[in-house]
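Visitor: Could you have a look at this structure, given as structure tokens, before my questions?
The values are calculated or read from the model by the stated rules, or taken from the named source; none is laboratory data. Predicted, not measured: the structure shown is a model, and the values here were computed from it. Glycine also receives a Cβ, built like all others from the backbone with ideal geometry; neighbour counts cover every protein chain displayed.
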Amino acid sequence: MGVIRELIKGLRVTGRQMLDSPVTTKYPAEFREKPQRFHGRHVLNRYPDGMEKCIGCELCAGACPARCIYVRGQDNPIDAPVSPGERYGFVYEINMLRCIFCALCVEACPTEAITMTHLFEMSSTSRQDGIYTKDELLMNRDGSVPHMFADDRLMNPDELLVADGWVRATAPAGSAAYEGIEMWQGTPGPGDWAPEPDQDERDR
Ligand code: SF4
Ligand code: SF4
């Protein structure tokens, strides 16, 4: 009797589950909306005038617990500066095979040059492809994000517009006012970039 009772109990659970909506989606045909705090692949940002935000200071590399960032700064050419200030990131590489997607590099960066997107499709067939170079990380001048995949089906452009201001909200030097707001220049994605508010305005 006990066995039959347990069997009926199990069938009841199965029946209930069959009536519930599925929790899975038909990926990659359908994308599940990711949480705002999702940590995806990195991007190196530009200012609205096209200048690179990275100043080659290596603070991100110093903060990285996985030691997977390699930066080499170089003096800006006087006639054609790459970034505002003295130096820029001449070499910038992230070994995604070692990255633990903790975002400490984002928190450490003094110029908001490095942020994380909602892109997560990073599978590759060689170790070399797991090391993202500056060309693969630096956003294009039109605000779109370079990626390693020829197939655009793997990208959901809408998600690239989702903000990650929360990182600043939770950073030691950040402010809770950033939570839920869009990034200062609009997290990389095609389209217009809003002007970057100055520091006083951010603090307010
Ligand atoms: S997310 Fe974390 S592990 Fe990955 S590069 Fe940044 S600091 Fe390093
Ligand atoms: S990404 Fe930011 S922290 Fe890293 S080297 Fe560039 S400016 Fe410095």
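Visitor: Under 6 Å by Cβ, and 6 or more places apart or on different chains, what pairs join a residue from segment 87-102 that is under 12 Å from Cys64 (Cβ atoms) and away from ligand 2 (no atom under 15 Å from the Cβ) with one that is modelled with pLDDT of 95 or more and not in a strand (DSSP E or B)?
Guide: These pairs meet every condition: Arg98/Ala66; Arg98/Cys68; Ile100/Ala66.
Visitor: For segment 48-65, what are the residues that are at negative phi and surrounded by fewer than 16 Cβ atoms within 10 Å (Cβ to Cβ)?
Guide: Going residue by residue through segment 48-65, those that are at negative phi are 48-49, 51-55, 57, 59-65.
Across segment 48-65, the qualifying residues are Pro48, Asp49, Met51, Gly62, Pro65.
Visitor: Which of the residues spanning segment 35-58 are more than 15 Å from Pro110 (Cα to Cα) and more than 16 Å from ligand 1 (Cβ to nearest atom)?
Guide: Within segment 35-58, Pro35, Gln36, Pro48, Asp49, Gly50, Met51 qualify.
Visitor: When segment 26-77 is examined, which residues are found to be among the aromatic types (Phe, Trp, Tyr) and within 18 Å of Asp135 (Cα to Cα)?
Guide: Initial filter on segment 26-77 (among the aromatic types (Phe, Trp, Tyr)): 27, 31, 38, 47, 70.
Those that are among the aromatic types (Phe, Trp, Tyr) and within 18 Å of Asp135 (Cα to Cα): Tyr47, Tyr70.
Visitor: Filter segment 88-115 down to the residues that are under 11 Å from the mean Cα position of the chain (by Cα) and surrounded by fewer than 22 Cβ atoms within 10 Å (Cβ to Cβ) and list them by number.
Guide: Matches in segment 88-115: Phe101, Cys102, Ala103, Val106.
Visitor: Checking the structure you have, find out if any residue of segment 72-81 is at pLDDT 90 or above, surrounded by 16 or more Cβ atoms within 10 Å (Cβ to Cβ) and farther than 23 Å from Val145 by Cα.
Guide: yes
Visitor: Would you point out the residue of segment 15-33, among those that are assigned to a loop (DSSP other than H, G, I, E, B) and either within 16 Å of ligand 1 (Cβ to nearest atom) or hydrophobic (A, V, I, L, M, F, W, C) (or both), that is nearest to the chain's Cα centre (by Cα)?
Guide: Restricting to residues being assigned to a loop (DSSP other than H, G, I, E, B) and either within 16 Å of ligand 1 (Cβ to nearest atom) or hydrophobic (A, V, I, L, M, F, W, C) (or both), the top hit is Phe31.
Visitor: Applying the selection to segment 48-65, what residues are touching a Leu at 6+ places or on another chain (Cβ under 9 Å) and either more than 7 Å from ligand 2 (Cβ to nearest atom) or among the polar types (S, T, N, Q) (or both)? Reasoning before the result, please.
Guide: Within segment 48-65, the first condition is being touching a Leu at 6+ places or on another chain (Cβ under 9 Å), and the residues that meet it are 52-54, 60, 63-65.
The answer is Glu52, Ala63, Cys64, Pro65.
Visitor: Okay, moving on. Being acidic (Asp, Glu) and within 21 Å of Cys102 (Cα to Cα) is the filter here, so list the residues in segment 43-73 that pass it.
Guide: Within segment 43-73, the subset acidic (Asp, Glu) is 49, 52, 58.
Passing the criteria: only Glu58.
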